[in-house]
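Below is one structure, written out as structure tokens; the observations come after it.
The values are calculated or read from the model by the stated rules, or taken from the named source; none is laboratory data. Keep in mind that this is a model prediction, so the values were computed, not measured. Glycine gets a Cβ as well: all are built from the backbone with ideal geometry, and neighbour counts include every protein chain shown. Ligands, DNA and RNA are stripped out before the accessible areas are found, and what is left, the full protein with its side chains, is counted by its heavy atoms. Shrake-Rupley method; radii C 1.70, N 1.55, O 1.52, S 1.80 Å.
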Amino acid sequence: MMKQVRPKKNLGQHFLTDLSIARRIADTVDACPDLPVLEVGPGMGVMTQFLVEKPRPLKVVEIDRESVEYLKNTLFKSVERRVESGEIIEGDFLRMDLRTLFDGGQFVLTGNYPYDISSQIFFKMLDNRDLIPCCTGMIQREVALRMASQPGSKQYGILSVLIQAWYDVEYLFTVEPSVFNPPPKVQSAVIRMTRNEVQHLGCDEQLFKRVVKTTFNQRRKMLRVSLRQLLPADSPFFTLHSSLLTLRPEQLGIAQFVELTNAVSQHLNPSEPHE
């Protein structure tokens with residue numbers, strides 16, 4: 001038996017030790033059947049052992065060499081698994097070209113995501129939304145609440161709007177710190193995101209992101225204050241849209257952010273970059 005992998009603080013590793021919870025998380029991919037699965041950060045394979053039982057292709061991506069060796073010599077070696085070690089990709093998910101994974105086809109993304117990069121993982125998912133119709137997994141509870149929250153709530157913010165523009169988000173269940181080694185200082189939660197029907201937002205997508213980030217960066221201020229970072233104070237925009245501009249960003253749904261983006265777009269200097 002190989003010695004167990006030591007969790008590394010610099011990689012934000014917290015290994016799940018409760019098998020029943022690992023199985024429950026693995027089973028979240030069943031809502032999106034018939035697609036291959038990519039697991040991010042399998043560690044010692046506590047969740048992977050349940051994913052490999054499912055009748056569909058599986059690849060795992062792991063940045064930690066020690067974990068990769070462990071997986072190759074344990075889980076991926078046993079005959080009944082019929083999983084080749086080539087299905088283990090040693091590398092950084094954030095740097096990967098996802099089109100090379102399953103011959104350019106769609107897949108389900110899942111994992112016990114490292115908390116410090118979970119938002120970056122989901123921004124990469126958004127950039128590859130045509131490839132990822134479904135994403136599930138475990139993240140910090142606070143981030144999960146932000147992603148699933150609705151307009152008007154304290155947690156509603158940049159992540160909520162940018163993800164919900166393209167995905168339906170379900171908060172599935174909470175996971176306590178005691179089932180990890182080492183226990184994190186926060187609670188965790190399991191979520192599922194399923195691609196919605198939206199193909200085009202109906203506005204400039206780069207500007208949409210910029211408007212959302214600009215307004216939420218001053219979330220306590222009315223829109224007419226925060227949007228002065230994008231438009232001069234004497235712009236006719238501020239008189240033409242005065243009723244909308246007395247709102248704060250957490251009061252706006254996706255459709256209103258689209259409307260706001262189109263209004264801003266009409267008054268931007270054409271030479272101004274939207275990034």
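Of everything listed in (1) open to solvent by less than 80 Å² (accessible area, probe 1.4 Å); (2) more than 20 Å from Pro151 (Cα to Cα); (3) in a helix (DSSP H, G or I); (4) not polar (S, T, N, Q), the single unmet condition for Val186 is (3). Arg195 meets all of the listed conditions (1) in contact with a Lys or Arg (Cβ under 9 Å, 6 or more places away or on another chain); (2) surrounded by 15 or more Cβ atoms within 10 Å (Cβ to Cβ); (3) over 28 Å from Thr110 (Cα atoms); (4) among the basic types (Lys, Arg) but one, namely (3). Cβ-Cβ contacts under 6 Å between residues 6 or more apart (or on different chains), taken from a first residue in segment 228-239 that is closer than 17 Å to Thr214 by Cα to a second residue that is open to solvent by 70 Å² or more (accessible area, probe 1.4 Å) and not in a loop (DSSP other than H, G, I, E, B), are listed as Phe238/Arg224.
Any chance you could count how many residues in segment 231-275 are modelled with pLDDT of 95 or more, closer than 22 Å to Gly202 by Cβ and among the charged types (D, E, K, R)? Of the residues in that region, 2 qualify. Taken over segment 17-30, the residue count meeting the criterion of being over 17 Å from the mean Cα position of the chain (by Cα) and either over 24 Å from Glu90 (Cβ atoms) or open to solvent by less than 10 Å² (accessible area, probe 1.4 Å) (or both) is 9. Per the conditions (1) open to solvent by 10 Å² or more (accessible area, probe 1.4 Å); (2) of a type outside the set (Lys, Arg); (3) farther than 25 Å from Lys209 by Cβ, the sole criterion not satisfied by Thr48 is (1). Against the test of being within 25 Å of the chain's Cα centre (by Cα) and either in a loop (DSSP other than H, G, I, E, B) or surrounded by fewer than 16 Cβ atoms within 10 Å (Cβ to Cβ) (or both), the options Arg210, Arg219 yield a single qualifying residue, Arg219.
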